[in-house]
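Asks: Let me begin by handing over the structure; questions about it come next.
The values are calculated or read from the model by the stated rules, or taken from the named source; none is laboratory data. Because the structure is predicted, anything quoted here is derived from the model rather than measured. Cβ atoms come from the backbone with ideal geometry, glycine included; neighbour counts cover every protein chain shown. With ligands, DNA and RNA removed, areas are computed over all heavy atoms of the protein, side chains included. Shrake-Rupley method; radii C 1.70, N 1.55, O 1.52, S 1.80 Å.
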Amino acid sequence: TGPSIAVVGVTGAVGQEFLSVLSDRNFPYRSLKLLASKRSAGKSMKFENLDYTIEELTEDSFEGVDIALFSAGGSISKKFGPIAVNEGTIVVDNSSAFRMDENVPLVIPEVNPEAMKHVKVGTGKGALIANPNCSTIICLMAVTPLHRRAKVKRMVVSTYQAASGAGAAAMEELVQQTREVLEGKEPTCNIFNQQYAFNLFSHNAPVQPNGYNEEEMKLVKETRKIWNDMDVKVTATCIRVPVMRAHAESVNLQFEKPLDEDTARDILRNAPGVVVVDDRASNRFPTPLEVSNKDDVAVGRVRRDVSQDGDYGLDIFVCGDQIRKGAALNAIQIAEMLL
Ligand code: 2RA
């Protein structure tokens, strides 16, 4: 009786995580269609004790599909998203293709569910809903509860982004390079034009005329859209670090109203999808390894910003799984809200 769903880009890191999350959350689909490029079409894939044959994504793939989860890159979403919507399918798109389109809700279910209140499955009417960028989701899961209480005036974000954000091939290259370097060999650099193992570098997204790369501008623009606050000041520096699948982010906040660190920690302890890891005595704070493969975002290093007057500033440190809450879980939580 549940919706018929399709996964577009099923062979990618996020595509595979879509399946894991659908299974973990017992998503009530009545039928499932696995879609990928011609190269993968015909291959079989076992899921929930059933054998599926991967089908090639074509213009006819969405007939009878209620919800389509896309994670196959912006050009695939741009081409096939509207086709699916015309078929009456509700598309949850993990690419950046439509995130800033004013008619497309950009949704983190715990943060701004109201943005998609008018969309429901089964009406026969298609729609497009955009999944925010992973670094935006992870940051705003922790910052929004504080913003709701004391209104963020300015946010400065420094990210430490995992290989998974650049896809499965980047994860494989990090492992391969690490092995090569340890063996004294020349590292194989196909995905990034520089050594990644035992190194870190400015995020690989293209740099714009203003000197920010696209990843940084996503954080700036998506925050303003999700909070529906065009005045909040946001700046970001996004760095790629040799970690497999979870992002870390250092966030400095300036508020309109005072917010002391104890109150902030209490707010975070009660925030959905957030766990506080803030043990100063044993110097234990969030780490990418500990949040990997988990749903919750971990936040710690909560402290008053000593560079600001009174209680108007806070520094925090956030970690979240890029493939899970940063992509697949968030998209499927959106799909659950459609039911
Ligand atoms: C990255 N945010 O980590 C991107 C992935 N969508 O590179």
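Asks: Given an 8 Å cut-off on Cα distances and at least 6 residues of separation, report the relative contact order of region 1-61 as a percent.
Replies: 33 percent
Asks: What does the charge count near Cys134 come to, summing +1 for each Lys or Arg and -1 for each Asp or Glu among other residues with Cβ under 11 Å from its Cβ?
Replies: Surrounding charge for Cys134 is 0.
Asks: Another one. Report relative contact order for region 118-191 in percent, whole number only (criteria: Cα-Cα under 8 Å, sequence separation at least 6).
Replies: Reported as a whole number, the value is 17 percent.
Asks: Related question: Between beta-carbons, use under 14 Å as the cut-off and find the net charge around Thr178, counting Lys and Arg +1, Asp and Glu -1.
Replies: So the environment of Thr178 carries a net charge of -3.
Asks: Can you send over the carbon and sulfur percentage of the accessible area for region 100-188, probe radius 1.4 Å, protein chains only?
Replies: Accessible surface attributable to carbon and sulfur in region 100-188 totals 52 percent.
Asks: Could you please tell me the mean projected area of the C-alpha convex hull for region 1-96, averaged over all directions and given in square nanometres to one decimal?
Replies: So the Cα hull casts an average projection of 5.7 nm².
Asks: Let me have the relative contact order for region 6-125, percent, based on Cα pairs under 8 Å that are six or more residues apart.
Replies: In percent, rounded to a whole number, it is 21.
Asks: Show me 5-15, 234-244, 86-96 ranked by packing, highest mean number of other Cβ atoms within 10 Å first.
Replies: Sorting 5-15, 234-244, 86-96 by mean packing, highest first, produces 5-15, 86-96, 234-244.
Asks: Give me D for region 82-173 in µm² s⁻¹, whole number, from Stokes-Einstein with Rh from the Kirkwood sum over alpha-carbon pairs, 25 °C and 0.890 mPa s.
Replies: 160 µm²/s
Asks: Skip the ligands, DNA and RNA, and give the accessible area per residue of the chain with a 1.4 Å probe, whole Å².
Replies: Computed with neighbouring chains in place, this is 44 Å² per residue.
Asks: Identify which of Glu48, Glu63, Glu17 has the largest mean-square fluctuation in a Gaussian network model of the chain, with springs joining Cα atoms closer than 10 Å.
Replies: Of the options given, Glu48 has the highest mean-square fluctuation.
Asks: So in the chain, what percent of DSSP beta bridges are antiparallel if you round to the nearest 5?
Replies: Antiparallel bridges make up about 50 percent of those DSSP assigns within the chain.
Asks: Choose one answer from Val297, Val274, Val318: the residue with the largest mean-square fluctuation in a GNM of the chain with alpha-carbon springs under 10 Å.
Replies: Comparing Val297, Val274, Val318 in a Gaussian network model of the chain, the most mobile one is Val274.
Asks: OK, next. Which whole-angstrom value gives the distance between the alpha carbon centres of region 276-303 and region 1-41?
Replies: Their Cα centres are 31 Å away from one another.
Asks: Quick one: net charge of Glu56's neighbours, Cβ under 12 Å, K/R +1, D/E -1?
Replies: Combined, the nearby Lys, Arg, Asp and Glu give +1.
Asks: Just report the Cα centroid separation between region 172-188 and region 214-261, whole Å.
Replies: 32 Å
Asks: When the solvent-accessible surface of protein heavy atoms is calculated with a 1.4 angstrom probe, in what order do Phe198, Phe70 fall, highest first?
Replies: If we order Phe198, Phe70 from most to least accessible, we get Phe198, Phe70.
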